[in-house]
Amino acid sequence: MRLMQDVLCGEIEVEGTRGLARQCRGTGKQRSGPAKRLSEGKECERNMADSGSRERTMLLIKPDGVQRGLVGKIITRFEEKGYLLVAMKLTQASEDLYREHYTELKDEPFYARLVKYLSGRPVVPMVWEGYNVVKMTRLMLGQTDPTASEPGTIRADYCIEAARNACHGSDNLECAKREINLWFKPEELISYTSCTHQWIYDEH
Ligand code: DAT
Ligand code: MG
């Protein structure tokens, strides 16, 4: 499918992730969102966190989510929102991988317990794609502490404690790139367009 913004904006690969940040030809500026904004005549904005409908994030259903049979429910939320699943597996990861995954928390008092809790247990890492997917999936997850989360969010609806909050989501676009590289080989990321795309995005 040749979309309007593919003509206006060339696709560029995000370093190492196959993420598809889009840069407007000629202007050197980032595309600001779905084609609707372009059709409104607004200029592309310079916003690194906004890479269009092909933005990607890394989500991880944690051991408590897997053991409690929440995998299907959690996936359903992102599917129903309209995001595209581009990678997923059931796996058990090492302490080393979790130390790297949560490296920014290494000085926190709960870090060792967190790494020990996660290591060697079944988890479901996933990559999801869509407009504003990093920010929106974080909102859909809720706060780190489920008791501070709004009803309707995953952590508010299914969880009670921070240490058992069911699902991880990348904090920002840079984290998403790093985490996708950490958990997936490039060939595990499937690039495709859903037949529902035109019913979710106003792109021509
Ligand atoms: P988030 O997962 O919302 O991005 P984070 O990155 O600050 O939160 O922390 C990573 C995970 O560490 C979090 O999902 C659960 C655990 N955690 C955070 N704060 C905690 C605390 N005070 N006690 C126990 N576990 C905590
Ligand atoms: Mg975090």
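Do we find a residue being in a helix (DSSP H, G or I) and either over 20 Å from residue 91 (Cβ atoms) or within 12 Å of ligand 1 (Cβ to nearest atom) (or both) anywhere in the range 165-172? The answer is no; no qualifying residue exists. Of the residues making up the range 80-96, those that are open to solvent by less than 90 Å² (accessible area, probe 1.4 Å) and in a loop (DSSP other than H, G, I, E, B) number 5.
Screening 138, 99, 113 for residues that are more than 9 Å from ligand 1 (Cβ to nearest atom) and either at pLDDT 95 or above or not in a strand (DSSP E or B) (or both) leaves exactly one candidate, 99. Scanning the range 170-204 for residues that are open to solvent by less than 30 Å² (accessible area, probe 1.4 Å) and modelled with pLDDT under 95 turns up just one, 203. Within the range 82-96, being within 16 Å of ligand 1 (Cβ to nearest atom) and in contact with a Lys or Arg (Cβ under 8 Å, 6 or more places away or on another chain) holds for one residue alone: 95. For residue 148, the conditions (1) under 21 Å from residue 76 (Cα atoms); (2) within 16 Å of ligand 2 (Cβ to nearest atom); (3) over 17 Å from the mean Cα position of the chain (by Cα) are fulfilled apart from (1). Checked against (1) free of Cβ contacts under 8 Å to residues at least 24 places away in the same chain; (2) acidic (Asp, Glu); (3) within 16 Å of ligand 2 (Cβ to nearest atom), residue 100 passes all but condition (1).
For residue 167, the criteria (1) open to solvent by 70 Å² or more (accessible area, probe 1.4 Å); (2) closer than 19 Å to residue 105 by Cβ hold in every case but one, which is (1).
Screening the range 54-79 for residues that are under 30 Å from residue 203 (Cα atoms) and of a type in the set (Lys, Arg) and picking the one that is most open to solvent (accessible area, probe 1.4 Å) gives 73. The set of residues from the range 114-151 being open to solvent by 10 Å² or more (accessible area, probe 1.4 Å), within 25 Å of residue 90 (Cβ to Cβ) and of a type in the set (S, T, N, Q) comprises 119, 144.
For every residue, the table says whether it meets (1) closer than 19 Å to residue 178 by Cα; (2) modelled with pLDDT of 95 or more.
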| site | (1), (2) |
| --- | --- |
| 14 | yes, no |
| 40 | no, no |
| 87 | yes, yes |
| 104 | yes, yes |
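The values are calculated or read from the model by the stated rules, or taken from the named source; none is laboratory data. These numbers were taken from a predicted model, which means no experiment stands behind them. Quick reminder, even Gly has a Cβ in these numbers, built from the backbone with ideal geometry, and neighbours come from all protein chains shown. Please note that ligands, DNA and RNA were not included when accessible areas were found on the heavy atoms of the full protein model with its side chains. Shrake-Rupley method; radii C 1.70, N 1.55, O 1.52, S 1.80 Å.
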